[in-house]
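Take this structure first; my questions come after.
All of the numbers you see were taken from the coordinates with simple rules; none came from a lab. Every value quoted in this text rests on a predicted model; they were computed, and no experiment measured them. Every residue, glycine as well, gets a Cβ built from its backbone with ideal geometry; the counts of neighbours run over all protein chains shown.
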Amino acid sequence: MTAGLQGDRGMPGDDLRWWRPYCSPGPVEVFHVALVPHSGREAAAWTLLDTEERRRCRRFLYPAPRRQFVLSRAALRAVLCVALGCDNGELTFEFSRYGKPIPLVGGDRVALHCNISHSGSHGLVALSHRGRVGVDVEERRPRKNLEDLVETVFGPEERALLARLQGKRWLDTFLALWTAKEALAKAWGMGLRTDFSTFQVPSEMLRGERTGLFRCPRISNATWRLEDIGCDDLAAAVAYEEDREAGREF
Amino acid sequence: MSSTEERIRALVDENLEIDGRPPGRPLDLDSSLRDSGVSSLDFVAFAKLVAQEFGVEVSMEECASINSVGELIEFLDAKAA
Ligand SMILES: CC(C)(COP(=O)(O)OP(=O)(O)OC[C@H]1O[C@@H](n2cnc3c(N)ncnc32)[C@H](O)[C@@H]1OP(=O)(O)O)[C@@H](O)C(=O)NCCC(=O)NCCS
């Protein structure tokens, strides 16, 4: 059983809401989801989840990933209900071959694409009215062993850019490149199964622009728009289809 | 405990941030990394470190097919065999 939630009706009140509009590049709406511990929000979020999602919650081993899942999935449900004008009870998800959630209303696919990402206390939900979308967020915090990863995940121009940088600028650029690539890989639905070293972020972004167009016929026939949507607290990127490749889902 | 397992447990404790895992709590080898809250970036960085320690190569595709620390140990043992 899930709580009734027709559009805005039945949704947690403004004072309790843990998601807010973050940015809206092109046809995409991105919402920020606060994932800090908050018993009232977590209780409200729980009521929005369906039986399958609650079962999934029981598999999490520690409170932090469970909280991230509950708060971000409930926020996804809330924004989808508003965008689709549907009742929360009608909303379910099917999963693509590699696990990307696809929203269904009354068991049918809808003309809206979504993706979510969470890291530490930040979640992002992206909705696209035009085509496939992928989003990735990484909390800005010190991380171990990233230097040794450069050869594995970046192409030659990306490596050359990183080789010129140090300290905070190196880490910021690493995370900008990683989130851009993961946003693309999540838009394609492949996730980590894409070899990140075989494609590079658009050259205009390597030159410092916040957005660029990505084309790589070996991977996808569509043209993708990539946007850096990071801020002081988080590194993040969103990737969305500029023109639709006929009905392809991995 | 196999020597691979012993070395991996030490590497996990030193390098892999498992959000909320109480310090000193023994690692469950069969638990899903995703269910433990390990992000893909942290896991790929960890798998690369472990591969270097063991003198083997690990591709991203191989990383994507590894779901638990137990599977990482099996992967390393198979590469060494
Ligand atoms: C899932 C994956 C695409 C993103 O991982 P991540 O960066 O750690 O996590 P993010 O927070 O950015 O994204 C997670 C969300 O992406 C969505 N997602 C899952 N599979 C996806 C896919 N193939 N494509 C796009 N989105 C996907 C889900 O909504 C998931 O959130 P949820 O589980 O709360 O519903 C990536 O880890 C992967 O390909 N994993 C497969 C192999 C694996 O799990 N190995 C274990 C080590 S991490």
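Just going by the charge dipole of the protein assembly as shown, with Lys and Arg at +1 and Asp and Glu at -1 on Cβ, which of A:Gly13, B:Val58, A:His38 is farthest out on the positive end?
Looking along the dipole axis, the top candidate is A:Gly13.
When only alpha-carbon atoms count, how far does the protein assembly as shown stretch along each of its three principal axes, as whole angstroms with the largest first?
Sorted from largest, the Cα extents of the protein assembly as shown read 57, 46, 35 Å.
Given a Förster distance of 35 Å, report the FRET efficiency between A:His129 and B:Ser65 from their Cβ-Cβ distance, rounded to the nearest 0.05.
0.55
What residue among A:Val150, A:Leu112, B:Ser36 has its Cα farthest toward the positive end of the dipole of the protein assembly as shown, where the charges are +1 on Lys, Arg and -1 on Asp, Glu, each on the Cβ?
Of the options given, the answer is A:Leu112.
Sticking with this structure for a sec: Given R₀ = 41 Å, what would the calculated FRET efficiency be for A:Ala34 paired with B:Ser3, taking r from the Cβ atoms and rounding to 0.05?
For A:Ala34 and B:Ser3, the calculated efficiency is 0.40.
Under 19 Å between C-alpha atoms is the cut-off here; go through the protein assembly as shown and count lysine pairs that meet it, provided they're at least eight residues apart or on different chains.
Here the count comes out as 6.
Counting each DSSP H run of 4 or more residues in chain B as -39500 (n - 2.57), what helix-only mean residue ellipticity at 222 nm follows after dividing by all residues, to the nearest 500 deg cm²/dmol?
When only DSSP H runs of four or more count, the value is -17500 deg cm²/dmol.
Moving on. Could you size up the charge dipole of the protein assembly as shown around its Cα centre, putting +1 on the beta carbon of Lys and Arg and -1 on that of Asp and Glu, and report it in debye to the nearest 20?
For the protein assembly as shown, the charge dipole is close to 500 debye.
Then there is this: What percent does the relative contact order of chain B come to when contacts are Cα pairs within less than 8 Å and at least six residues apart?
Relative CO of chain B lands at 37 percent.
Which value, in debye to the nearest 20, describes the size of the charge dipole of region A:8-131 about its Cα centre when Lys and Arg Cβ atoms bear +1, Asp and Glu Cβ atoms bear -1, and nothing else is charged?
That gives region A:8-131 a dipole magnitude of about 500 debye.
Also, I was wondering about something else. Per the helix-only calculation at 222 nm, which mean residue ellipticity applies to chain A, given -39500 (n - 2.57) for every DSSP H run of n ≥ 4 and division by its residues, nearest 500 deg cm²/dmol?
-9500 deg cm²/dmol
If one puts a single equal scatterer on every Cα of region A:83-215 and applies the Debye formula without solvent, what log₁₀ I(q)/I(0) results at q = 0.11, 0.13, 0.16 Å⁻¹?
Log10 I(q)/I(0), no solvent term: -0.47, -0.63, -0.88.
So how far, in whole Å, is the C-alpha centre of region A:181-246 from the one of region B:29-79?
Comparing the Cα centres of region A:181-246 and region B:29-79, I get a distance of 25 Å.
What nm distance separates the two modelled labels at A:Ser203 and A:Arg56, each placed 7 Å from Cα along Cα→Cβ?
4.0
I need the peptides A:24-30, A:127-133 ranked by packing, meaning the mean over residues of other C-beta atoms within 10 angstrom, with the highest value on top.
Ranked from most to least packed, the peptides come out as A:127-133, A:24-30.
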